[in-house]
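One structure below.
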Amino acid sequence: RSVRITGAGLLLQERGKRLVADLEQLERQVRLAAAGHLGRLAVGFVGIATHMGLPAVLRSFSRSEPEVDLHLEELPSPALLEQVRSGRLDLGYVRGIEPPAGGLSSRAFASEPYVLAVPEGHPLQGRKVVALEDLDRQALLFFPRGFSPPIHDALLRAFHDASVRPRLVQEARSLQAEMALVAAGIGACLVARSAASQPREGVSFLPLAPGLPPVSVFEVWQPESGNEVLERFLRASG
């Protein structure tokens, strides 16, 4: 006698193989997710963080964890803090004078001094170092206070304490806008030192003497977030 598998048996055999493979794949994915190698990480950042080492950190993590879906979004610091608190973002890179309060975990990411960007032909262009007093009555571009009230107020307070009264001629909402306005001769502006690493036509960058708070960026996240990918990212980038 001979034994021959029926059509129903062939179907069961094929479906059984798929089921075993699916179970093995599911087991693998569960192990990866539990270890933070698989999942999603939503990261928000202020624009200046892209000049202060953030791209290298994200690139390194993405290469080491190819099965993690990185979602990136640029926002002002107040909006970043709100979205981290609400859980819409797992991690935020925010500017500040000191680590944010309000129940969030945080750690310092990067800090550097300001430099002064001036247009061609500016009275200060030939200075090797610009003192804070040199900015008195100079036309200066500034950022809207809503972008970061603590930083905005700290800078104005530093000017006031030094008896310096620059003329705040216009607000700019991005580094690109600031550089375009400087090149057009509208005024000078304060920028983080790393933002001056790339030459810009019609713009010179001058070192500033001490007197202003540094440009500081902090990482912020919810404690006990339960996101294993976030925990792995913090360990890898720490």
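Data table
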| read-out | value |
| --- | --- |
| Pairs with Cβ under 6 Å, 6+ apart, first in the stretch 101-128 and in contact (Cβ under 8 Å) with a residue 40 or more places away in the chain, second buried (at least 16 other Cβ atoms within 10 Å of the Cβ) and among the basic types (Lys, Arg) | Glu112/Arg193; Pro113/Arg193; Val115/Arg193 |
| The stretch 75-100: number of residues that are without any contact (Cβ under 8 Å) to a residue 40 or more places away in the chain, touching a Gly at 6+ places or on another chain (Cβ under 7 Å) and not aliphatic (A, V, I, L, M) | 1 |
| Answer from Val229, Val220, Val169 - the residue that is in contact with a Pro (Cβ under 8 Å, 6 or more places away or on another chain), at negative phi and surrounded by 13 or more Cβ atoms within 10 Å (Cβ to Cβ) | Val220 |
| Qualifying positions in the stretch 138-180 - of a type in the set (Gly, Ala, Ser) and in a helix (DSSP H, G or I) | Gly146, Ala154, Ala158, Ala177, Ala180 |
| Qualifying residue in the stretch 121-137 (condition: open to solvent by less than 10 Å² (accessible area, probe 1.4 Å), in a strand (DSSP E or B) and farther than 17 Å from Pro76 by Cα) | yes |
| Val57 vs. criteria part of a helix (DSSP H, G or I), of a type in the set (Val, Ile, Thr) and modelled with pLDDT under 95 | no |
| Candidates Val182, Val164 - the one that is surrounded by 14 or more Cβ atoms within 10 Å (Cβ to Cβ) and out of contact with any Pro (no Cβ under 8 Å at 6 or more places or on another chain) | Val164 |
| Qualifying residues in the stretch 87-107 (those that are modelled with pLDDT under 95 and among the small types (Gly, Ala, Ser)) - the one surrounded by the most Cβ atoms within 10 Å (Cβ to Cβ) | Gly96 |
| Restricting the stretch 190-210 to residues that are outside any strand (DSSP E or B) and open to solvent by 50 Å² or more (accessible area, probe 1.4 Å), the residue that is nearest to Glu112 (Cα to Cα) | Arg193 |
| Residue list for the stretch 138-152, restricted to those being at pLDDT 95 or above and either of a type outside the set (A, V, I, L, M, F, W, C) or surrounded by fewer than 13 Cβ atoms within 10 Å (Cβ to Cβ) (or both) | Gln138 |
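Table: residues versus (1) out of contact with any helix residue (DSSP H, G or I) (no Cβ under 6 Å at 6 or more places or on another chain); (2) under 15 Å from Ser237 (Cβ atoms).
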| position | (1), (2) |
| --- | --- |
| His51 | no, no |
| Ser64 | yes, yes |
| Asp69 | yes, no |
| Glu73 | yes, no |
| Leu80 | yes, no |
| Ser86 | yes, no |
| Asp90 | no, yes |
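The values are calculated or read from the model by the stated rules, or taken from the named source; none is laboratory data. None of the values given here were measured: they were computed from a predicted structure. Backbone-built Cβ (ideal geometry, glycine too); neighbour counts: all protein chains shown. Side chains included, ligands, DNA and RNA excluded: accessible areas come from the protein's heavy atoms. Shrake-Rupley method; radii C 1.70, N 1.55, O 1.52, S 1.80 Å.
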